[in-house]
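Comments concern the structure below.
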Amino acid sequence: MTGFAVFMVLFGVAFVALGLADQRAIWWRFQARRHADAASAEPSDAGFLVQRLLCFAAAGLAFWGSWSSFQLGALSRPDRAGQAEVFERTVAVADWLDGSTMFPVLASDDGSWVERVDPELRGPERDDPTAVLVWRSGALDPRGNVEHYEVSSQDGTTCLKVTAVPSPEQPGPEGMSPSYFDVRADASEGSCTK
């Protein structure tokens, strides 16, 4: 992108120089020899003015192309959520999870709650933070467990701790593995500790 932008600036400068040059002298130097009677074929002052304006318009388009390529380059770089924003999102996720009853994703090695947490962490940035399971107390089924997720930003790390216990109200018959868990969650700044 930078090479294209530099090329467009140089292209624009060349057209500015061409627009500032004497259009009549350029015509006599390069076009007059094509005509048998060059004096009668010479463009009018208005014709030379149009040529000059077209050169400036081409320069403007080249400068605009250079500027827009820098803008596109900025769009291709993802916005980064800072530590304060990531912590705020993690606290919002903890508040959303805390006190809820839900079913986990039991087949996931990434954590029982990561598929519920990650969509809630999303924001306007294109490089949304994700929760990474860093510790679990054991299998969720049948008695519940504690899972620690780290949510990282460019400035630091936030810890989301999720505690799940089987809900007393289960949809299936008694004796089956629990489907619903009562969830408690809290967030803290810094890496997770046991």
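The values are calculated or read from the model by the stated rules, or taken from the named source; none is laboratory data. Everything numeric here is computed off the predicted structure, so don't read it as measured data. Ideal geometry is used to build each Cβ from the backbone, glycine not excepted, and the neighbour counts take in all protein chains shown. These accessible areas exclude ligands, DNA and RNA; they are computed on the full protein's heavy atoms, side chains included. Shrake-Rupley method; radii C 1.70, N 1.55, O 1.52, S 1.80 Å.
Tabulated data
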read-out	value
Per residue accessible area of region 1-158, 1.4 Å probe, in Å²	61 Å²
Mean residue ellipticity (222 nm) of the chain, computed from DSSP H runs ≥ 4 via -39,500 (n - 2.57), nearest 500	-14500 deg cm²/dmol
Probe 1.4 Å - accessible area at Leu61, Å² to nearest ten	120 Å²
Calculated Cα extents along the principal axes in Å (choose from [x] 107, 35, 23; [y] 44, 34, 33; [z] 62, 36, 23), label	[x]
Lone cysteines, the chain (no partner Cβ under 4.7 Å)	Cys55
Charge sum, other residues only, whose C-beta stays under 12 Å from Pro168's C-beta, Lys/Arg counted +1 and Asp/Glu -1	-3
Rough spin-label spacing in nm, given labels placed 7 Å along Cα→Cβ, for Ser191 and Phe30	6.6 nm
Sequence of Glu174, Glu42, Glu189 when ordered by accessible area, the most exposed leading, probe 1.4 angstrom	Glu174, Glu189, Glu42
Share of carbon and sulfur in the accessible heavy-atom surface of the chain [1.4 Å probe, %]	58 percent
In Å², nearest 10: area of Trp64 left accessible to a 1.4 Å probe	150 Å²
DSSP H segments from the chain that extend 30 Å or more along their own axis, Cα-based, with Kyte-Doolittle mean of 0.5 or above	45-76
3J(HN,Hα) from dihedral phi, region 150-158, Karplus parametrisation 6.51/-1.76/1.60, rounded to Hz, x for glycine, proline	9, 10, 9, 10, 5, 9, x, 10, 10
5 angstrom amide H check on Trp135, placed H, neighbours 5+ away	His148
Residues whose placed amide H lies under 5 Å from that of Asn145, excluding near-sequence neighbours	Ala164
Amide H contacts of Ser167 (H built 1.01 Å from N, under 5 Å, at least 5 apart or other chain)	Tyr180, Phe181, Asp182
